[in-house]
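The values are calculated or read from the model by the stated rules, or taken from the named source; none is laboratory data. On a predicted model such as this, the values are computed, not experimentally measured, just so you know. Cβ coordinates were reconstructed from backbone atoms using ideal geometry, including for glycine residues, and neighbour counts include every protein chain displayed. When the accessible area is computed, the model is the full protein with side chains, heavy atoms only, and any ligands, DNA or RNA have been set aside. Shrake-Rupley method; radii C 1.70, N 1.55, O 1.52, S 1.80 Å.
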Amino acid sequence: MKFIVCSSKAEAIRRGVELVVGEIGRNPELVLGLATGGTMIRFYSELVSFSWEKKISFSKVRTFNLDEYVGLSFRNKESFRYFMEKNFFDKVDLKKENIVFLNGEAKNLDGECERFEKSVKNVGGINLQILGIGKNGHIGFNEPGSSIKSKTRVVDLSLETRKANAKFFGGKFEKVPREALTMGVSTILGAEKIVLFAFGKEKADAVRDAVEDKIGCEVPASLLQRHKNVIFILDKGAASELKKLRNT
Ligand code: PGA
């Protein structure tokens, strides 16, 4: 695992954006795995700025989003699809047909997950996967207990996750769906390269557990230790519990 620890969130985001821009520069047909959540908002706005300044084109990039709530569609302002449209898809030259998203309103949710897995396979896998991390160590919506072998599937959301995401539902956790579709841990680990962003002290314990704990499904992000090309991009707060870095 590699670490980029920055003095501010703004700097961390800049480093992440430079990394993505570099990857697309080398491979304009990059297959990019994307994440949502508060952590990602500025990341997307910076990517959009790069695109507007014509420093980057997404015209051949293909994207796969990590997750979606069951029962919500792009018409729901709380859906991840809506989040992506508003913060990124509508603002860059990405082609609609190159966007692969889990449909939380699909009649056959298991079939929808299979379709997603097949789409990942059909493009030859994800080149670069962007991740956030939950305070409980989840990646995507792979909650504690998720197997390293898990594929894209329907999952129950933990109370902790529903409470954390209440910020997108008018502060009311009761409104956060109880189920979601998520890319599996094994699907995520299948990516060639993974970049995980975490900002603020509230993520420091989760980052420490992911990096310094033993590998286990109780902290799904710790399963990333099994991957050979993972970069954590952190601000000082998120890195503050890392012994390894404190001693260097
Ligand atoms: P957040 O979510 O960016 O809103 O903290 C991250 C996550 O749950 O993966």
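Leu131 meets each of the listed conditions (1) within 16 Å of the ligand (Cβ to nearest atom); (2) open to solvent by 10 Å² or more (accessible area, probe 1.4 Å); (3) in contact with a strand residue (DSSP E or B) (Cβ under 7 Å, 6 or more places away or on another chain) apart from (2). Within 16 Å of the ligand (Cβ to nearest atom), in contact with a helix residue (DSSP H, G or I) (Cβ under 7 Å, 6 or more places away or on another chain) and under 30 Å from Asp205 (Cβ atoms) - does that describe any residue in the range 95-109? Checked the range 95-109: at least one residue is within 16 Å of the ligand (Cβ to nearest atom), in contact with a helix residue (DSSP H, G or I) (Cβ under 7 Å, 6 or more places away or on another chain) and under 30 Å from Asp205 (Cβ atoms).
With respect to Glu68, is the statement that it is acidic (Asp, Glu) and within 15 Å of the chain's Cα centre (by Cα) true? If you could, list the steps in order and put the result at the bottom.
Working: acidic (Asp, Glu): yes; within 15 Å of the chain's Cα centre (by Cα): yes.
In short, yes.
Considering (1) within 26 Å of Glu218 (Cα to Cα); (2) open to solvent by less than 50 Å² (accessible area, probe 1.4 Å); (3) free of Cβ contacts under 8 Å to residues at least 60 places away in the same chain, the lone condition that Phe101 does not fulfil carries the number (1). The set of residues from the range 1-44 being hydroxyl-bearing (Ser, Thr, Tyr) and surrounded by 15 or more Cβ atoms within 10 Å (Cβ to Cβ) comprises Thr36, Thr39, Tyr44.
Taken together, the criteria exclude Lys149 from residues that are open to solvent by 60 Å² or more (accessible area, probe 1.4 Å) and in a helix (DSSP H, G or I).
Inside the range 164-207, residues that are within 22 Å of Arg62 (Cβ to Cβ), open to solvent by 20 Å² or more (accessible area, probe 1.4 Å) and touching a Ser or Thr at 6+ places or on another chain (Cβ under 7 Å) make up a count of 1.
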